[in-house]
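Below: the structure, in structure tokens.
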Amino acid sequence: MEKAYEPKKIEDKIYETWEQSGFFNPDNLTGDPYSIMMPPPNVTGVLHLGHALENSLMDIMARYQRMQGKKVLLLPGTDHAAIATQAKVEKVLASQGIKNPRQELGRDKLLEKIREYAENSKATILSQIKKMGTSCDWSRLSYTFDEARSQTVNEVFSKMYNDGLIYRGYRVINWSVKGQSTCSDDELVHVERPAKLYTFKYGPAFPMSIATTRPETKLGDTAVAVNPKDERYAQYIGQTFTVEVGALKPLAIKIIADESIDPQFGTGAVGVTPAHSPVDFLMYEKQKAQNNPIELIPVIDQLGKMTENAGPNYVGLTVEEARARFLDWLKSNNLLEKEEDIAQNVGTSDRFGDVVEALPMVQWFVDVNKTIPGKNKTLKDLIREAVTTGHNGDQNQKIKITPDRFEKVSLDWIDNLRDWCISRQIWWGHRIPVWYKGSEIYCGTKSPEGEGWEQDPDTLDTWFSSGMWTFSTLDKKDDLKTFHPTSWMQMGYEILFLWMVRMILMSTYHLDQIPFLDVYIHGMLRDEKGQKFSKSSGNNVDPLEVIEKYGTDALRLSLISGITPGNDSKFYDEKVESARNFCNKLWNISRYILSSDLENETKPEVKILRSSDVWIIEKFSSLIESTGQGLEKYQFSQAAERLVEFTRNDLADWYLEVAKFESNKEVKAWVLKNILQDLLKLWHPFIPFVTETIWSGMNESKLLLIEKWPERNKYSSGMEDWQRDNHLLHFNKVKEVISAIRNIRLENKIDIKNKITVIARIPESGNPAFKSVIEDEQEIIKKLRTGVEDIQVEISNEILENAYFAPVGDVNIYVPFAGAIDKVAEKQRFEKEVANLEKYISGLERTLGNTDFVKKAPQAVVDKEKKNLKDAQDKVKEIKGYLENLR
RNA sequence: GGACAUUUAGCUCAGUUGGUUAGAGCGUCGCAUUCACAUUGCGAAGGUCACUGGUUCGAGUCCAGUAAUGUCCACCA
């Protein structure tokens, strides 16, 4: 074995071995099915650290479950990411001089360009996933835009259409002028910006003033809404006033009542523009439902210009120009009353970046509030059910969200859910499976027979297809039956509403099943300063570079260290570095163990186990349990932390050191060999490459990848509890003694090469029998190792006078080394300790003197406290006695 | 405006159902080194657990309020 672990040399080779073994494919595995669908990365570019984190989490679970003997499917894939990809490619093309790609290239050519880009990006992404060591089944690789997935999209669309859950309607939608497409409510990013709030009157005779930040839209006003309880305006409700503001026709403004109007804000009266405000559109619909309709006048078009309706003075102007002109008109007519600066939240298009315009258009919508035929439930109900009572009230079909606080957030979101606009005017995406011929309309999975049918030019919202990811990917024979609902899903909180909820909607509607049993929400990665990673802030980290420098295992371990569900975490070089160091530590531990003589296949007899053996076996046994539990509860960080602690502190620093002086080679061989093998198994899900490499040096033919998870009972020592406890107690004392000796030596600057004379006694033996003199630290370790009696040494009065006394539990050690002892420092040290102890004692006494405590606290707690008190008092007595002698 | 989260050592974070002396890693400082490992080991210093009040025999932990920071949602025109 090399002196240091060098990941670069082996990682690719190992991944290849795994892949060729066929065990990434569940068809080659047996056992209960366990499935994870990889959230498909967008084909807009390369993977970033967030993806690396996700791959680590998923792969840890997949490998752990595989070692549990399950038939594990981790299904990889990519997402065509409709708007995101088209926007990206258009930007690239623009930078190459094709300023207006849609017009200059046309539909087919532009799609060709995007496809080319997407394929490139896909190839890069897939190779990155492999680099991460992700154990996914490449034979089931999926793409949201491939044949099989598109087929499912058409099927589900048609089904929803036939169920009347998808409709085509004229409604106000979010329109990106820049992208020339709609956006759903969830694709908006709200940005705060300074704006001006203008207060004005439509005309001198109009009974009230209104306030607005968008004066130009007022050319399309058809109502003024007031709160019905507002006495100032109650008399006007129901009246219509005709005003002349320069629009094509005079505006008929009806005064309507609406509860949502805040009488305190502005003038308490709101100009209603049904065509250009989602809120106002709601009022428009409400009025219509109450048979008290108001008009709807679009004054802005899809290019962001004023329409004819806006009047001859405004038609063709941009909204900014129209605004200025309208304000001029208000001013010159003395209608503008106030102008104030306010902060305003505007919705911008997530992908194109421009402020969206609210426009009325004919679009396709998913009706979330309509009763599903034959079900007495709406889509909204289905989503709610899945996270509360369970699908159809079945608790086994309830989605568990970790951490659970996201359940509440989801419920709030569901309550506010409005009809989902699913049609987009971009070209990159699934074409809406609807065909028109004259007034005829056809919806189906394939184009209809006959001539003259024309398909709807629009494409579907990308989330419509990704919502089906958990089942559209399972198109192989029996896969759906075997792997759905999927076992576990992980995602960042930022796509909770965009994706998680839509998967629930699609799966419960289409399959009558929840999409996944468990969902784990992870936080976002931030840089050292807590800032988001992004290209624009220049702090982007390329996972491949990190891998190149430190190795994949180090990256994986650092990513999952220090994270807790749902909370953001910071990522920086030092973290990877220490993970890399750890991998190397594990490598060297193995190197050492494998270089020693391990010829023993049989478990040693209980009676020849030393206390250190019992100790490490017990520690390891509980490690098996805690690692498993940690993973079952998705406490990745904690599980890894415990593993590090065991590997580094317990195994390397204590057991291996002490074992160097172990005389019983057979015991050592069995313990070391077995613990090392099983430790590699525990570590494998986290750091697969280094563990597999070490493993391959021990087991020529078999892969660690499919080894069974260690059994705890293999490490039961088979001894009585009291016996085991004695061993553990003893070894803990040994550790204390060794530590104390180290301290003494260090503090007194005793060279390790000097002989230290150590004299110890066991107080409770009552009659200290001193036997031998021990020569140096390593000798001490050896002696201590074999039994307490061995370190009892003869002590003369002469030695006692110069003795250094360190109380360490029940074992007291005297180190006569007169010349080196700084008595003043020692005195201070002990006085401090006494002070601490006394503080502790007085606390305990207060507690124990409290009758309520004795009555109410559990007996075990009281007893423990009593024992603690006695121990502390004894210790103080001893130290005080020593301090007396010191004078 | 609403909701949620966070606040513990210089930094990054643990702290399971309340149990009395609050932990780790990094960093700092000191020390060690023929050893499987300098990608190492040992040790020390460093914290009124944001603040105020409450519940309790007992609060970092539960409750209420305050402050700071962050995130999400939202139709103040």
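Shown is the FRET efficiency for A:Asp404 and A:Lys109, computed with R0 = 41 Å from the Cβ-Cβ distance and rounded to the nearest 0.05: 0.25.
A straight line joining the Cα centroids of the range A:398-455 and the range A:514-530 runs 26 Å.
For A:Thr348, the residues 5 or more places off, or on other chains, whose built amide H falls under 5 Å of its own are A:Val189, A:His190, A:Val191, A:Val356. For chain A, the longest principal axis of the Cα atoms and the long axis of helix A:101-131 meet at an angle of about 10 degrees. Between A:Ala252 and A:Ile441, the FRET efficiency from the beta-carbon distance, with R0 = 35 Å, is close to 0.50.
Label sites at A:Lys607 and A:Asn699, each approximated as a point 7 angstrom past Cα along Cα to Cβ, lie 3.4 nm apart. Computed from the C-beta positions of A:Glu641 and A:Lys159 and an R0 of 51 Å, the FRET efficiency is 0.60 to the nearest 0.05.
Give me A:Asp108, A:Asp146, A:Asp458 sorted ascending by neighbouring Cβ count inside 10 Å, so fewest comes first.
Values: A:Asp108 9, A:Asp146 15, A:Asp458 21.
Final ranking by Cβ density, sparse to dense: A:Asp108, A:Asp146, A:Asp458.
Enter the Cα centre distance for the pair the range A:470-491 and the range A:173-218, rounded to the nearest angstrom. Their Cα centres are 45 Å away from one another. The protection proxy used here, the mean number of other Cβ atoms lying within 10 Å of each residue, ranks peptides A:631-642, A:443-454 as follows, highest first: A:631-642, A:443-454.
The distance between label points at A:Glu632 and A:Lys286 comes to 5.2 nm (points 7 Å beyond Cα on the Cα→Cβ vector). The angle between the Cα long axis of helix A:665-683 and the main principal axis of chain A comes to about 10°, on a 0 to 90 degree scale. Max-minus-min Cα coordinates of the range A:417-497 on each principal axis give 47, 33, 23 Å, with the largest extent listed first. Between 0 and 90 degrees, the angle of helix A:82-95 with respect to the longest Cα principal axis of chain A falls at about 80 degrees.
What shape does the range A:78-155 take by its C-alpha gyration tensor, where a ≥ b ≥ c are the square roots of the eigenvalues and a/c under 1.5 counts as rounded, a/b above b/c as prolate, and the rest as oblate?
Details: a/c = 3.32, a/b = 1.59, b/c = 2.09.
Since a/c reaches 1.5 but b/c is at least a/b, the shape of the range A:78-155 is classed as oblate.
Exposure proxy for A:Met500, A:Met361: other Cβ atoms within 10 Å of each Cβ, ordered fewest to most, give A:Met361, A:Met500. Once C-alpha pairs closer than 8 Å and six or more residues apart are averaged by separation and normalised to the residue number of chain A, the relative contact order reads 12 percent. Using the Cα atoms as the points, what is the convex hull volume per residue of the range A:1-100 in Å³? About 167 Å³ per residue, rounded to a whole number. When both the range A:657-729 and the range A:304-379 are represented by their alpha-carbon centers, they are found 68 Å apart.
How much length would be gained if the chain were fully extended between A:Gln395 and A:Lys9, taking 0.36 nm per residue of separation minus their Cα-Cα distance, in nm to one decimal?
134.0 nm
Full extension of the chain segment joining A:Gln235 with A:Asp871 gains 220.4 nm, where the gain is 0.36 nm per residue of separation less the Cα-Cα distance. Where in the range A:539-611 are there GluC sites (Glu not before Pro) that are in a DSSP coil and have at most 13 other Cβ atoms within 10 angstrom of their Cβ? Answer by residue number: A:Glu599, A:Glu601, A:Glu605. Residues A:Met58, A:Met208 in ascending order of nearby Cβ atoms (within 10 Å, fewest first): A:Met208, A:Met58. Each peptide in A:188-197, A:217-226 gets a packing score, the mean of other Cβ atoms within 10 Å over its residues, and the list from highest to lowest is A:217-226, A:188-197.
The radius of gyration of the Cα set in chain A, together with its Dmax, comes out at 37.0, 117 angstrom. For A:Gln455, nonlocal amide neighbours, meaning residues 5 or more places apart or on other chains whose placed amide H falls under 5 Å from its own, are A:Tyr436.
Values in this text are rule-based calculations from the coordinates and carry no lab data. Note that the structure is predicted; figures quoted are calculated from it, not measured. With ideal geometry, Cβ positions are generated from the backbone for all residues, glycine too; neighbour counts draw on all protein chains shown.
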